[in-house]
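Input: a single structure, listed below in structure tokens.
The values are calculated or read from the model by the stated rules, or taken from the named source; none is laboratory data. Since the structure is predicted, the reported quantities are computational estimates derived from the model, not experimental observations. Here the Cβ positions follow ideal geometry from the backbone for every residue, glycine too, while neighbour counts run over all protein chains shown.
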Amino acid sequence: MFRKIFIFILLFMIPLIVSADDFSIDVEFDRKIYQADDTLEIKVKLTNNTSREFKGSLLSSHYPDNVDYFPMPGNKIIVIPPLSFVDLNYSLKILEDFKNGNWKYSFVLKDDNSGNIVSKKIESFEIRGNKNKLDAEFLICSENECNNKNIFKKNELVFFKVDSDISDLNIRATVGKTKKDYEDEINFYQNKADFKFKDSGEYFIYFSIEKEGYFSKKGKKEIYIIDKPIKIKNASVCDGDSVCEFGENRDNCPQDCFSKLSFFDTLKKNRILIFLVIIIGLVVVTVIFRKKSWIKYGWLNLSRKNK
């Protein structure tokens with residue numbers, strides 16, 4: 001009777017022994033909730049339940065929940081003796097730009113001989129109290145639309161808008177010139193503002209967008225104020241590439257030629273200087289030519305001997 005019971009127990013245990021994992025990964029975090037500047041400490045235990053030595057690699061990566069991409073994992077060479085285990089320690093510095101919410105830390109044990117994954121473990125942790133990314137765009141607009149226009153007439157009303165799904169933003173903007181001899185405030189209400197430029201010139205709009213719990217966003221926009229309307233005849237005259245080229249000038253292409261003169265404008269403004277340069281050049285060429293002639297006919301050497 002005892003023999004039958006023993007055989008029955010043995011038959012019952014065989015499936016459990018066969019189904020036992022050959023390799024296992026155990027992961028333990030020092031805690032489950034973190035914030036910026038915290039260090040996540042992880043203890044990892046790799047167990048080899050087989051009678052052969054294991055040689056492979058442990059791939060590890062961390063990423064937020066619900067992401068469409070997975071970062072490049074870290075790779076660590078692993079050797080585990082038969083019927084033994086290896087203890088490892090990992091640490092992760094929680095940065096300010098880590099997104100709030102649930103995160104995952106993944107460990108994958110891969111056999112180098114077969115190339116197969118022999119064990120995998122994913123553990124979750126949470127990040128709280130970090131600043132979020134501030135999705136907001138500062139736009140310069142005309143009365144009808146926001147189309148990135150940056151050239152306006154003097155005394156024309158220029159509109160500004162911050163496009164964002166985030167409410168209660170703190171927006172500050174100032175208008176300044178290149179030489180920084182002028183500065184004025186732009187007052188926003190419900191993410192919108194308007195401003196009238198009374199003088200022509202090149203201006204810069206310096207802005208900052210802030211909200212508690214979010215990273216601040218700062219930037220600069222460039223804007224040109226002209227005395228009269230733009231006279232662009234066709235696209236071939238002004239290509240808007242920020243280079244003042246042949247045929248472009250301040251009247252027909254202020255976007256390219258606003259802050260500098262065209263080639264022909266430069267010639268007109270510096271006619272006297274150019275005339276002097278030409279005269280000096282002719283004198284230098286004449287002296288060099290005559291010197292060569294003197295050397296050729298021996299006049300220069302003869303004059304030196306006579307002296």
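Among the residues examined, Lys220 qualifies as modelled with pLDDT of 65 or more, in a strand (DSSP E or B) and loosely packed, with under 14 Cβ neighbours inside 10 Å. For the range 20-41, enumerate the residues that are hydrophobic (A, V, I, L, M, F, W, C) and either exposed (fewer than 15 other Cβ atoms within 10 Å of the Cβ) or within 26 Å of Asp111 (Cβ to Cβ) (or both). Answer for the range 20-41, where residues must be hydrophobic (A, V, I, L, M, F, W, C) and either exposed (fewer than 15 other Cβ atoms within 10 Å of the Cβ) or within 26 Å of Asp111 (Cβ to Cβ) (or both): Ala20, Phe23, Ile25, Val27, Ile33.
Any chance the range 134-153 includes a residue that's hydrophobic (A, V, I, L, M, F, W, C), without any contact (Cβ under 8 Å) to a residue 60 or more places away in the chain and touching a Pro at 6+ places or on another chain (Cβ under 8 Å)? Let's see the steps before the verdict.
Of the range 134-153, the ones hydrophobic (A, V, I, L, M, F, W, C) are 134, 136, 138-141, 146, 151-152.
Then keep just the ones that are without any contact (Cβ under 8 Å) to a residue 60 or more places away in the chain; that gives 139, 141, 146.
From what's left, touching a Pro at 6+ places or on another chain (Cβ under 8 Å): none.
For the range 134-153, residues hydrophobic (A, V, I, L, M, F, W, C), without any contact (Cβ under 8 Å) to a residue 60 or more places away in the chain and touching a Pro at 6+ places or on another chain (Cβ under 8 Å): absent.
Could you go through the range 162-169 and let me know if any residue there is out of contact with any strand residue (DSSP E or B) (no Cβ under 8 Å at 6 or more places or on another chain), surrounded by fewer than 17 Cβ atoms within 10 Å (Cβ to Cβ) and on the phi < 0 side of the Ramachandran plot. Yes, the range 162-169 contains a residue that is out of contact with any strand residue (DSSP E or B) (no Cβ under 8 Å at 6 or more places or on another chain), surrounded by fewer than 17 Cβ atoms within 10 Å (Cβ to Cβ) and on the phi < 0 side of the Ramachandran plot.
Each residue in the range 123-148 was checked for being assigned to a loop (DSSP other than H, G, I, E, B) and surrounded by 14 or more Cβ atoms within 10 Å (Cβ to Cβ), and 5 pass.
Residues in the range 123-146 that are under 23 Å from the mean Cα position of the chain (by Cα) and not basic (Lys, Arg): Asn130, Asn132, Leu134, Asp135, Ala136, Glu137, Phe138, Leu139, Ile140.
Looking at Val162, is it free of Cβ contacts under 8 Å to residues at least 40 places away in the same chain, assigned to a strand (DSSP E or B), under 28 Å from the mean Cα position of the chain (by Cα) and not assigned by TED's automatic domain parsing to the domain that holds Phe98? The answer is no for Val162. For the range 102-122, residues that are over 28 Å from the mean Cα position of the chain (by Cα), small (Gly, Ala, Ser) and assigned to a strand (DSSP E or B) total 1. Please list, ordered by first then second residue, the pairs with beta carbon atoms under 6 Å, 6 or more apart or interchain, first in the range 41-70 and more than 20 Å from Phe29 (Cβ to Cβ), second outside any strand (DSSP E or B). Correct list of pairs: Asn49/Asp22; Thr50/Asp22; Ser51/Pro82; Arg52/Pro82; Glu53/Pro81; Glu53/Pro82; Lys55/Asp112; Gly56/Asp112.
Among residues of the range 197-209 that are in contact (Cβ under 8 Å) with a residue 40 or more places away in the chain, those with a beta-carbon under 9 Å from a residue that is part of a strand (DSSP E or B) and among the hydroxyl-bearing types (Ser, Thr, Tyr) at least six positions away or on a different chain give the pairs Phe197/Tyr203; Ser200/Tyr224; Glu202/Tyr224; Ile205/Thr174; Phe207/Thr174. Annotation: Asp21 fulfils all but one of (1) at pLDDT below 90; (2) more than 16 Å from Lys121 (Cβ to Cβ); (3) more than 31 Å from the chain's Cα centre (by Cα); the unmet one is (2).
One residue stands out in the range 81-101 among those that are within 30 Å of Ser216 (Cα to Cα) and outside any loop (DSSP other than H, G, I, E, B): the one that is nearest to the chain's Cα centre (by Cα), namely Lys93.
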